[in-house]
Amino acid sequence: MRIIDAKTITDAVRQIFLDISCKLADDVATAMESAWQQEKSQRGKTILRQLLDNDRICRKTGDCVCQDTGMSILFVEVGQDVHIEGNFEEAVNQGVREAYTAGYLRKSIVEDPLYERKNTEDNTPAIIHTRLVQGDQIRIEALAKGFGSENMSAIRMMAPSAGEAGVLDFIVQTVKKAGANPCPPIVVGVGIGGDFESVAGLAKRATLRSVFSRSPDERYKQLEIKALQLINKTGIGPGGLGGTVTALAVNVEQAPTHIAGLPVAVNISCHAVRHGSVVI
Amino acid sequence: MTKDAKDRVIYLTTPLTVDKRVRLQAGDRVLLSGKIYTARDAAHKRLLDQISNGQSLPFALQDQVIYYVGPAPARPGRVIGPAGPTTSYRMDRYTPELLDRGLSGMIGKGDRSPEVVAAMKRNQAVYFCATGGAAALLAQSIVRSEIIAYEDLGPEAIRVLTVREMPLIVAIDAYGNNLYEEGIRQFSQE
């Protein structure tokens, strides 16, 4: 058994959010440069250039890349041979609290969703997904999710007969309905299978994959490629003002499901998929 | 209508009187200077509550521009934190009333409802878009920031900003021409 102090978790969470909020991930920065090369709309090119300039400014000043520094979401894999000394969830929330204060990140969480909507003023509580795994380590993957794109996401419980064509159509229609709102170019996470609740998680986790990674399953890899081609034919383009680069990537994650079901979730991220991971 | 590489650049100063508004066309690149007001979801709700209660508003709307933004906190010695646009459709419910009371322009991102566009045409108002995600870049054009109302709303408080050559694009002009629709139509391969 390995003993891990809760403070270690706090420090790790704090550091991840400070790191991911203030620059584009390397894969995204590379993809944005090639998007700039490929984009056929002059206006679209100008917008991509502004976003690349924005990243450059942030790397110099330490500013956050977007004022919406997001809701803090954590996927934590806890080794079953680990003993955590202290309160695990409080340790995670303390890390979030410290990062959003020290990093001059915007606090965007309201306590009650429907009535008072009073800001908690420290960006907590975080959403924490915990999974028990083998081993004596803790792996933390963190995502700062902006809501301009989160609001444009959708779930549909499809009939199995909908097939690949139905899934592709749902993905493309979701992106078209979103239009300019999620700050294109976007990264599209798609979950297929599981149940109503888990399919959304699959879609969200899919956005965390590199924009250059393709599904190891050849059929789903082809699905990712087809979906990306269709999305980039919509004409939405950078900033939604028309162009040929609407998405940088479509990442699909699948899971077993029920004989009666074909759940599909589309989780949209803006280009700045702010995520990172650490192993303790 | 949609122009592309040869878009003209227009230097514009607030207040945005009607003579300035009617000359703008969807697709124009604008460098905006002067005072603008910030307001997003919660501030809009309060503004409309004040109107329905017959109270006076924290600032006069006539010929003014509202920027839909909730900035990040300012670092020490800085005017404001990163401050890019938030998605505009969430303000659609409130916007026609503000336009009918004199508001002349909005800055945000994303398309507007038919009701907003109708109210814009009725009042010869203009909707500008700023690049979503270019928050640090846009903050560089903000030279002054002061909270004037609803301080308890934190990032959603109403601020008066002084901007200098803030880079914007006319997304919907006073005639209802809509760059979101026209731009997408131009590049659609469906």
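Remarks
- Calculation over all alpha carbon pairs of chain B in 5 angstrom steps from 0 returns a P(r) of 1, 8, 17, 22, 21, 16, 8, 4, 1, 0, 0 percent.
- For chain A, adding -39500 (n - 2.57) for each run of n ≥ 4 DSSP H residues and dividing by the number of residues yields -13000 deg cm²/dmol at 222 nm.
- Isolated cysteines in chain A, defined as those with no second cysteine Cβ under 4.7 Å, comprise A:Cys22, A:Cys58, A:Cys64, A:Cys66.
- Over the C-alpha atoms of the protein assembly as shown, the Rg to Rh ratio, Rh being the Kirkwood estimate, stands at 0.98.
- Put simply, the Cα atoms of region A:148-274 extend 42, 26, 23 Å along their principal axes, the longest span coming first.
- Whole-angstrom gap from region A:157-216 to region A:61-127, using each part's C-alpha centre: 25 Å
- Taken over the C-alpha atoms, chain A has Rg and Dmax values of 19.1, 59 angstrom.
- Residue order for A:Ser41, B:Ser141, A:Ser210, A:Ser21, fewest other beta carbons within 10 angstrom first, comes to A:Ser210, B:Ser141, A:Ser41, A:Ser21.
- Overall shape: prolate for region B:88-164, with the ratio a/c of the largest to smallest alpha carbon gyration tensor axis at 1.5 or above and a/b above b/c.
- With N as its number of residues, region A:1-103 has a Cα radius of gyration that, divided by 2.2 N^0.38 Å, comes to 1.42.
- Ordered by the count of other Cβ atoms within 10 Å of each Cβ, fewest first, B:Ile148, A:Ile9 give B:Ile148, A:Ile9.
- Considering only chain B, percent of DSSP beta bridges that pair antiparallel, nearest 5: 55 percent
- Alpha-carbon centroids, region B:113-190 and region B:15-45: separation in whole Å: 7 Å
Bear in mind that the values in this text are calculations on the coordinates, not laboratory data. What you see is a predicted model, and the numbers here were worked out from it, not measured in a lab. Here Cβ is always computed from backbone atoms with ideal geometry, including for glycine, and neighbour counts include all displayed protein chains.
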